[in-house]
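Structure record follows, encoded as structure tokens.
The values are calculated or read from the model by the stated rules, or taken from the named source; none is laboratory data. The model shown is predicted, which means the values in this text are computed figures rather than measured ones. Cβ placement follows ideal geometry from the backbone for every residue including glycine, while neighbour counts extend to all protein chains displayed. For the accessible areas, the whole protein counts, side chains as well, though only heavy atoms, and no ligand, DNA or RNA atoms are used. Shrake-Rupley method; radii C 1.70, N 1.55, O 1.52, S 1.80 Å.
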Amino acid sequence: MSPRQSLSYAMPLPPLEKHPAYAPAALVLAKLTKLGHLSAFAGGCVRDALLAHTPKDLDIATAAPPEVVEQIFPRTLAVGKAFGTIVVIEDGHNFEVTTFRKDGPYADGRHPIHVEFSDMKEDAWRRDFTVNALFYDPEAGEVVDHVGGVADLAQGLLRTVGHASERFSEDRLRMLRAARFVAQLGFRMEDETADAIRAQYQELEGVAKERIFNELKRLLESEYITEGLRTLRATHLSRVIWPELDALNLERFVDFVPPVNWQNAFAAVALLVGAKNVEERLQSWKVPRQGLKSVLTQIHDCKVLMNPASSRADRARVLGGDQFLEILRLADGFLPGNPDILTGWITEFLSITGKTATLPHPLFNGHDLLKLGVEPGEKMGEMLKVLYAGQLEGQFASKAEALKKIQAMIKGI
Ligand code: ATP
Ligand code: MG
């Protein structure tokens, strides 16, 4: 792509001003500008504001070198100083202030060896996608576009800045970021960008698993998740990171949208494709233990709910767990247009728990059984389970009634 004409559009960006940290951010910008350093809001916040969304973070780009930024503001953190980023703390808010830069050659398919401080135009050209390369000068009330990002935004197109294949070779993670932005923005991937990913998707193999998972997680929590999954498949990225996805029926998946969280989305995919390697797949992304456990519970408990052979007690344990919403969401995905079944389960659960909607404490614990002469061990564990199930099934309401059951069980040992 040849360098495009640079354009400025005079327009206010109300969603930017609605950001709770806008006032201190504007103050940081004004201070820099007053001292003669051209500065602007940059990247994701301009994109989101143009799409009428309130942005997540207000990032600032400036002509001032990092040392100067550190001198101007009393409270700073030098977290990304080597790449030109200084965090400025103003009125309790943290802002990333990054010096306009041009990236040097890329060493490992992920990071530039060094960066050179530069001007706004070159800073736009080092960014990944045209819609992420826009600037906003609040004093002039102007969006500054060096890469055709405003036109792409208007058309809902995700396109790399410059030649897609070069940009993906520099930093391979950008391929996955592209799929994530499709999922977040609901944009179509421009052809050259998509073709380039299809030609070099295998290069994603060498990227740190944590980075891959971070992008995937964000994709799974995006508004246009189905489009994101379709894109992973169409670009072949799924072949490297999530081959099970190729067996997913996307028409059925839409019944699970929107998922409660990424674990819920992953569980829906795993259940729909009948995945046998859930743990292995999550471990391949180095998902922290807690996330892994959450997915496994959701899958297991959804199967319990959906199994006609499950008992009232089995279902009560599922609905009394702390992921009951996620599990009901999955069940609802399998039973679209059948809310009566879900209502039935909830009514049944409430009939057991009463208004508290929490599972009752077990009438008996291990100590009680020890006192009755039961040896600790597997058998005791089983007895406790049977007793608690009996309690949930409403077989006995009091400890005295339960005692009778225990005595019968002990005799049976
Ligand atoms: P969000 O924070 O909502 O995920 P964002 O666009 O702010 O979206 P960030 O990852 O926070 O994304 O990055 C901020 C900006 O930095 C991007 O908008 C883009 O201009 C640039 N950027 C981030 N990562 C890369 C990359 N790997 N290659 C090139 N530019 C990047
Ligand atoms: Mg951001």
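Ratio of alpha-carbon Rg to the 2.2 N^0.38 Å globular estimate for the chain, to two decimals, please.
Numbers: Rg = 27.9 Å, N = 413, 2.2 N^0.38 = 21.7 Å.
Dividing the Cα radius of gyration by 2.2 N^0.38 Å gives 1.28.
Pairs of Cα atoms under 8 Å, at least six residues apart: use those to get the relative contact order of the chain, whole percent. Numbers along the way, then the final one.
Values: 620 pairs, mean separation 38.8, N = 413.
Relative contact order of the chain: 9 percent.
If all Cα-Cα distances of the range 283-356 are sorted into 5 Å bins from 0 onward, what percent lands in each bin, rounded to whole numbers?
3, 15, 26, 23, 15, 9, 5, 3, 0
Applying 1/(1 + (r/R0)^6) with R0 = 22 Å to the Cβ-Cβ distance of residue 203 and residue 113, what FRET efficiency is obtained, to the nearest 0.05?
Values: r = 18 Å, r/R0 = 0.83.
That pair, residue 203 with residue 113, gives E of 0.75.
Of 409, 269, 40, whose Cα points farthest to the positive end of the dipole of the chain (charges on the beta-carbon: +1 Lys, Arg; -1 Asp, Glu; origin at the Cα centre)?
My answer, from the dipole projection, is 409.
Can you compute the helix-only [θ] at 222 nm over the chain? Use -39500 (n - 2.57) per DSSP H run of at least 4 residues, normalise by all residues, nearest 500 deg cm²/dmol.
On the way: 22 runs with 211 residues, N = 413.
Value at 222 nm, helices only: -15000 deg cm²/dmol.
Counting heavy atoms of the protein chains only and a 1.4 Å probe, report the per residue accessible area for the chain as a whole number of Å². Please report the intermediate quantities before stating the final value.
Working: 19760 Å² over 413 residues.
Per residue, the chain has an accessible area of 48 Å².
How high is the relative contact order of the range 283-356, in percent, counting Cα pairs under 8 Å that sit 6 or more residues apart?
28 percent
Residue by residue through the range 141-151, what is 3J(HN,Hα) from phi via Karplus (6.51 cos²θ - 1.76 cosθ + 1.60, θ = phi - 60°)? Round to whole Hz and write x for glycine and proline.
In residue order, the calculated couplings are x, 10, 8, 10, 10, 9, 10, x, x, 5, 5 Hz.
Let me spell out the model: positive unit charges on the Cβ of Lys and Arg, negative unit charges on the Cβ of Asp and Glu, origin at the Cα centre of the range 1-150. What dipole size does that give, in debye rounded to 20?
Values: 14 positive and 20 negative charges, 23 e Å.
With only Lys, Arg, Asp and Glu charged at Cβ, the dipole is about 120 debye.
Charges only on Cβ, +1 for Lys and Arg, -1 for Asp and Glu: so what's the dipole of the chain about the Cα centre, in debye to the nearest 20?
Working: 48 positive and 54 negative charges, 293 e Å.
Dipole magnitude for the chain comes out near 1400 debye.
Give me the one-decimal nm value for the distance between modelled label points at residue 81 and residue 257, 7 Å along each residue's Cα-to-Cβ direction.
4.6 nm
Could you calculate the contour length gain from residue 6 to residue 121, that is, 0.36 nm times the residue separation minus the distance between their Cα atoms, to one decimal place in nm? Before the final figure, lay out the partial values.
Values: separation 115, 0.36 × 115 = 41.40 nm, distance 0.82 nm.
Here the segment from residue 6 to residue 121 would lengthen by 40.6 nm.
Calculate the spin-label point distance for residue 276 paired with residue 223, positioning each point 7 Å from the Cα along the beta-carbon direction, and give it in nanometres.
4.0 nm
Starting from 0.36 nm per residue, how many nanometres of slack lie between residue 67 and residue 210 once their C-alpha separation is accounted for? Present the calculation step by step, with values, prior to reporting the outcome.
Working: separation 143, 0.36 × 143 = 51.48 nm, distance 3.14 nm.
Going from the current span to full extension adds 48.3 nm.
Could you check the spin-label model distance between residue 195 and residue 53? Points 7 Å from the Cα along Cα→Cβ, value in nm.
Spacing of the two 7 Å Cα→Cβ label points: 2.9 nm.
DSSP loop GluC sites (Glu not before Pro) in the range 115-185 with at most 15 other Cβ atoms within 10 Å of their Cβ, which ones? Before the final figure, lay out each step's value.
Numbers: sites: 116, 122, 139, 142, 166, 170; in loops: 139.
Passing both the DSSP loop test and the Cβ count: 139.
Taking the Cβ of residue 9 as the center, what net charge do the other residues with Cβ under 13 Å away carry, scoring Lys and Arg +1 and Asp and Glu -1? Before the final figure, lay out each step's value.
Numbers: positive: none; negative: 137, 142, 145.
Neighbourhood net charge equals -3.
Please compute the Kirkwood hydrodynamic radius of the range 96-175 from all pairs of different C-alpha atoms, in Å with one decimal. Before the final figure, lay out the partial values.
Working: mean 1/r = 0.0747 Å⁻¹.
Computed over Cα pairs of the range 96-175, the Kirkwood hydrodynamic radius comes out at 13.4 Å.
Taking 0.36 nm per residue of sequence separation and subtracting the Cα-Cα distance, how much length would be gained by fully extending the chain between residue 284 and residue 365, in nm to one decimal? Don't skip to the answer; put the middle values down first.
Values: separation 81, 0.36 × 81 = 29.16 nm, distance 3.91 nm.
Here the segment from residue 284 to residue 365 would lengthen by 25.2 nm.
Residue by residue through the range 5-10, which ³J(HN,Hα) values in whole Hz follow from phi under the Karplus form 6.51 cos²θ - 1.76 cosθ + 1.60 (θ = phi - 60°), with glycine and proline marked x?
Whole-Hz 3J(HN,Hα) from phi for the range 5-10: 5, 8, 10, 10, 10, 6.
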